[in-house]
1. Taking the alpha-carbon centroid of each part, what is the distance from the stretch 219-277 to the stretch 126-190 in angstrom?
2. What full-extension length gain, to one decimal in nm, is calculated for residue 190 and residue 221 as 0.36 nm per residue of separation minus the Cα-Cα distance?
3. Going by a ≥ b ≥ c, the root eigenvalues of the Cα gyration tensor, does the stretch 66-159 fall in the rounded group (a/c under 1.5), the prolate group (a/b larger than b/c) or the oblate group?
4. Which Cα, out of 110, 76, 143, lies furthest along the positive dipole direction of the stretch 76-151 (beta carbon charges, K/R +1, D/E -1)?
5. Based on the inverse mean of 1/r over its pairs of different Cα atoms, what is the Kirkwood hydrodynamic radius of the stretch 166-250, in Å?
6. List the aspartates and glutamates whose alpha-carbon lies under 13 Å from that of residue 260, not counting same-chain residues fewer than 8 positions away?
7. Any chance you could run the full-extension gain for residue 119 through residue 73? It's 0.36 nm times the residue separation minus the Cα-Cα distance, nm to one decimal.
8. Given a Förster radius of 30 Å and the C-beta distance between residue 269 and residue 146 as r, what FRET efficiency does 1/(1 + (r/R0)^6) yield to the nearest 0.05?
Amino acid sequence: MKNPFVSETLNEGNSLKAEKLKDAIQLFRKEGFLWLNNVFSENLVDELNKEIKKLISNTTNLEKDSWPTQKDNLRVQLTLPMEGIFLDSDIFGSSIIFQLLNQIFAINGIPNNEVKEAYKKIVVDSYTGIISLPNCEDQHIHSDGSGLFGSPIDKLLPTHALILGIPLVDLNEINGTTEIWLGSHMKEINSENSHKPYLKKGDCYLMDYRLFHRGMANNSKQKRAIVFIRYAFPWWRDVANFRRKVSTKNISRPMKINNKAYLRIPKELRYLFRYAI
Ligand SMILES: O=C(O)CCC(=O)C(=O)O
Ligand SMILES: [Fe+2]
């Protein structure tokens, strides 16, 4: 990948070096994408992979609980249940990720962490995993939904939603990755100019909702699972991809959370799920 943002140069233990934070935010605004190294522990990632595999194999009728996103039925979208390992706040509340999110979702220059809880500007809008099974093909190039207004102004606006992608296996030329078109959230897409970030276990990426991308084919014999957590301004819902109350064969719920699970989330992070239940 030509334009990696490698966080070995950013991380200092569990936090980002202050002088690098500004560069990271600028790069995210310009490219609509950030690749961060070594954010999640290998144990956590392995455990997630194990639990997701269990979920898939325990599902007797894949179509009932999941959302195959391709005609070949080999790319499955699972809404992750907020229980067990999936409730671990290191996944959705990573402090490195929040140093970035607090700036990306700042209002009038006031970072999210500096405002009172009721005014905080970030929620988790969806919590899913996409599992690309062996032999699944390249997706079509897409952005996950249209812009806010469906007009040219969309390309001038700041980020209103983004995805945190956490691959649960090392990604490579054989099992594929999410292919991306840098800058395509704000500029016309040049279809020849793509990047294939081969992330390692523990790495993750942030991707602007508007960015053009596609899941690549998986030509390996192993499943390729990526956890996807969508963070957004509280007034936005991903109606292009989910329904909260009604789920059908093709449209799933964005999250599986109930009151009990909500109360098990650390108090200081519950604001992220204010509108989930
Ligand atoms: O699996 C991936 O790498 C990306 C999947 C994706 O973009 C989608 O299903 O919308
Ligand atoms: Fe997508």
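1. Cα centroid to Cα centroid, the span is 17 Å.
2. Numbers: separation 31, 0.36 × 31 = 11.16 nm, distance 3.19 nm.
Gain in length upon complete extension: 8.0 nm.
3. Oblate.
4. Checking the options against the dipole of the stretch 76-151, the answer is 110.
5. After inverting the pairwise mean of 1/r, the radius is 14.8 Å.
6. Those aspartates and glutamates meeting the cut-off are 83.
7. Extending this stretch completely gives an extra 12.4 nm.
8. With R0 = 30 Å, the Cβ-Cβ based efficiency is 0.50.
Taken together, the values in this text are just the output of simple stated rules run on the coordinates, not laboratory data. Not measured: the values here are computed from a predicted model. Note that we place each Cβ from the backbone using ideal geometry, even for glycine, and neighbour counts take in every protein chain shown.
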